[in-house]
Amino acid sequence: MQKGKRLRFRRLGLFLICLDLAACAGDPQDRIGRIYTWKLRPTDKNVERIRACLEDPDRDVRAMALHALISLGIEDGQAISLEALRDEDGFVRATAARCLGEMGVAVAAPALAERLSSDPDWHVRKLAAESLTVLGGTEAAEALVRALEDPVRGVRLAAVSGAGELSPDAAFEILAGIVLEDPDWEVRVHAARAIGRSSRPETAATLEAARNDPNEFVRAAATAALRSAGRVPGSPGPVSLGGPAPPGS
């Protein structure tokens with residue numbers, strides 16, 4: 001009798017394992033749909049089912065499983081995101097880079113900096129730059145400065161914005177070159193805004209030069225940056241923003 005019960009339990013266990021394996025089989029869109037369903041009912045069993053899909057052969061399923069687990073706030077979210085940052089597929093690595101920024105994982109800065117400098121997929125580099133901007137710190141700032149001359153427009157945009165927030169003075173020379181010479185007008189706009197945050201003495205002269213840009217949006221950004229720094233465009237020095245002093249003061 002006991003032997004029969006053990007056999008039935010063993011068969012039940014094998015049946016449940018087969019069900020879980022089947023859940024990560026078939027059409028990728030079906031598997032993604034199951035992940036959505038499990039996420040809406042995050043029982044321990046459903047969370048484990050989502051976790052199993054991190055090993056799925058389809059990159060979209062792996063990325064969806066990772067994002068679902070992070071949104072559920074699992075305890076080892078940092079660890080699995082760092083692991084996914086080494087995935088063979090760029091889409092999964094990009095998802096991991098975004099998740100690390102959303103979680104505010106400061107210790108991920110070195111791994112993100114490495115992705116920003118060397119990942120062959122520009123989407124990964126772009127999201128690594130955006131996450132490093134969120135994380136902040138010296139290592140993030142240095143990585144963003146190094147990425148200012150990335151050959152891909154989208155990465156440069158993210159790096160220019162991040163460097164402008166974290167280290168406009170350290171990045172000034174490169175930003176000055178970008179605002180005057182980058183072939184993309186939108187990158188030049190972001191560079192003008194970033195330079196406007198700098199305290200370097202050359203800031204005003206650089207922005208004045210950018211006001212001669214052939215693109216109207218770059219000219220407007222340079223003018224706005226000058227004004228936000230307390231300078232009237234075209235004037236030689238700072239102006240008071242508080243109005244004239246009252247008589248007798």
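The values are calculated or read from the model by the stated rules, or taken from the named source; none is laboratory data. Note that the structure is a prediction, hence the values are computed from the model and not measured. Neighbour counts are summed over all protein chains in view; Cβ atoms, including those assigned to glycine, are modelled from backbone coordinates with ideal geometry.
Structural remarks
- In segment 99-108, the residue that is farthest from the chain's Cα centre (by Cα) out of those that are assigned to a helix (DSSP H, G or I) and farther than 9 Å from SER81 by Cα is VAL107.
- Every condition in (1) closer than 22 Å to LEU148 by Cβ; (2) buried (at least 16 other Cβ atoms within 10 Å of the Cβ); (3) at pLDDT 95 or above holds for THR223 except the one numbered (1).
- Some residue of segment 173-193 being among the basic types (Lys, Arg) and at pLDDT below 95: no
- Here is the figure for segment 167-225: residues that are of a type in the set (Lys, Arg), more than 18 Å from THR133 (Cα to Cα) and assigned to a helix (DSSP H, G or I) total 2.
- Hits in segment 93-128 (condition: surrounded by fewer than 24 Cβ atoms within 10 Å (Cβ to Cβ) and of a type in the set (A, V, I, L, M)): MET103, VAL105, ALA106, VAL107, ALA109, ALA111, ALA113
- ALA158 within 30 Å of GLU202 (Cα to Cα) and crowded, with 17+ Cβ neighbours inside 10 Å: yes
- Tally of residues being assigned to a helix (DSSP H, G or I) and either modelled with pLDDT under 50 or surrounded by fewer than 16 Cβ atoms within 10 Å (Cβ to Cβ) (or both) across segment 226-243: 2
- Filter result for LEU82 (surrounded by fewer than 23 Cβ atoms within 10 Å (Cβ to Cβ) and touching a residue at least 12 places away in the same chain (Cβ under 8 Å)): yes
- Condition met for THR138 (at pLDDT 95 or above, within 28 Å of the chain's Cα centre (by Cα), closer than 30 Å to MET103 by Cβ and surrounded by fewer than 20 Cβ atoms within 10 Å (Cβ to Cβ)): yes
- Only residues that are under 20 Å from VAL145 (Cβ atoms) and either in contact with a Phe, Trp or Tyr (Cβ under 8 Å, 6 or more places away or on another chain) or among the charged types (D, E, K, R) (or both) were counted in segment 182-202, giving 11.
Residues checked against (1) of a type in the set (A, V, I, L, M); (2) in contact with a helix residue (DSSP H, G or I) (Cβ under 9 Å, 6 or more places away or on another chain); (3) outside any helix (DSSP H, G or I); (4) farther than 27 Å from ARG51 by Cα:
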residue: VAL92; (1), (2), (3), (4): yes, yes, no, no
residue: PRO110; (1), (2), (3), (4): no, yes, no, no
residue: ALA113; (1), (2), (3), (4): yes, yes, no, no
residue: ARG125; (1), (2), (3), (4): no, yes, no, no
residue: THR133; (1), (2), (3), (4): no, yes, no, yes
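Quick grid of which residues meet (1) under 21 Å from the mean Cα position of the chain (by Cα); (2) modelled with pLDDT under 95; (3) over 28 Å from ALA106 (Cα atoms):
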residue	(1), (2), (3)
LEU19	no, yes, yes
ARG31	no, no, yes
ARG41	no, no, yes
LYS45	no, no, yes
VAL61	yes, no, no
GLY77	yes, no, no
ASP89	yes, no, no
